[in-house]
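Asks: The following block contains the structure, expressed as structure tokens.
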Amino acid sequence: MPAWFTALVSAFDFATPLALLLLPLPLAARLIPPEREGGSGALRVPPTLVRGAEGSESIAARGRRRLWLIGTLWVALVVALAGPRMVLPALALPASAREIVLALDLSGSMERKDFSLDGETVSRLAAVKRVGAEFIRRRAGDRIGLVEFADQAYVAAAPTFDTAAVARTLEEATIGLVGRSTGIGDGLGLALKRLAPAQVANAEGGGPPPSRDKVVVLLSDGANNAGQTAPKDVAALAKDLGVRVYTIALGPIDMADNPNNEQDVVDVETLRAMAETSGGRAFRVKTTDDLEAVASAIDELEGGRAKAPPLPLRRDLWPWPAALAFLCACGLLATRRRT
């Protein structure tokens, strides 16, 4: 069989191919013997006696044309019912089984201008927006979500494959909407619930451990001073759920180096303990370059994306046989009017 014919056939399929079994139905109906007519006493007159030879030929030609229209109408209707479709090529997209939720600290200290972008001094939040949005857009194929926390935590973007939308949400983050304190435990807890709500329920009820391809990237520039949950307790829950937590301690001063000025320091030790408890990794960021290096490191740690099988795209072709059936029906009506 020629290659071009094989390629042509493989480019088409049917939504309901079993409908094609109806095609021979009219032929099967003709095999049924007609009912025997009772005697009526009427005299049948051949058409040649009613009309001339020319009229007889016209009637025969009209009958053949009518039969052809009926046959074409039936075939077109059955083909339209079968739903012919053209299979279009589609590009394979990168995909993975990972779900990643970014938990972002939006406390008042994120307004402090001690980072730089393009040679200008900017706030910590501005640097996180730039680097974080680029990281999210690189993660095409993952389900990405965004949780923002301060006095309270809220879901800014539920996990989705639309990484561009999540990146835009991060770029629109504003300080002050949910307070100006730092509730690290609540932020991580909400991230876990949005990442795997069913798995949280299983863990609380003694269910089986969940998938290992779930990650929380938590960024904070302070110490936990708000919320109702302890960060280390929530990190232990993340371990039970099989969720890795990467923590990013943002800011130039550690709490251990300056314990009397908690508003201007970051609790590196707590963040490191959270990461180690969950089986993740802790990062220390003091400059924009450090932040970019951490984003690249997490990108490599959570790599492994591969080309997913391309999803077949199909274009419906049933309107064409349906239109042919409509034209045949119109032709039958015109033939009947002439008779």
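Every number here is computed from the coordinates shown, using simple stated rules; none is lab data. From a predicted model like this one, the values you see are computed outputs, not experimental measurements. Quick reminder, even Gly has a Cβ in these numbers, built from the backbone with ideal geometry, and neighbours come from all protein chains shown.
Asks: Expressed in nm to one decimal, what extension gain is obtained for the pair Ala60 and Ala273 from 0.36 nm per residue of sequence separation less their Cα-Cα distance?
Replies: Working: separation 213, 0.36 × 213 = 76.68 nm, distance 9.44 nm.
My answer for the length gained is 67.2 nm.
Asks: On to the next question. Where the convex hull is taken over the Cα atoms of the stretch 64-157, what is its projected area averaged over directions, in nm²?
Replies: So the mean shadow area of the Cα hull is 12.5 nm².
Asks: Still on this structure, please answer the following. Considering all projection directions equally, how large on average is the shadow of the alpha-carbon convex hull of the stretch 219-284, in square nanometres?
Replies: 4.1
Asks: Related question: Could you compute the FRET efficiency for Arg137 and Phe12, with r as their C-beta to C-beta distance and R0 at 41 Å, rounded to 0.05?
Replies: 0.65
Asks: Another question about this same structure. Label points 7 Å out from Cα along the Cβ direction at Thr335 and Leu88: separation in nm?
Replies: Result: 3.8 nm between the two label points.
Asks: Here is a follow-up. If R₀ is 25 angstrom, what is the calculated FRET efficiency for the pair Asp162 and Asp289, using the beta carbon separation as r and rounding to 0.05?
Replies: Efficiency for this residue pair is about 0.25.
Asks: Same structure, new question: By the scheme Lys and Arg +1, Asp and Glu -1, what is the net charge of all other residues having a beta-carbon under 15 Å from that of Trp320?
Replies: +2
Asks: Between Leu22 and Glu172, what length in nm is gained on full extension when 0.36 nm per residue of separation is reduced by their alpha carbon distance? Don't skip to the answer; put the middle values down first.
Replies: On the way: separation 150, 0.36 × 150 = 54.00 nm, distance 5.83 nm.
The span from Leu22 to Glu172 would gain 48.2 nm if fully extended.
Asks: Sticking with this structure for a sec: How far, in nm, would the chain grow between Ala230 and Thr121 when pulled straight, counting 0.36 nm per residue and subtracting the alpha carbon separation?
Replies: 35.9 nm
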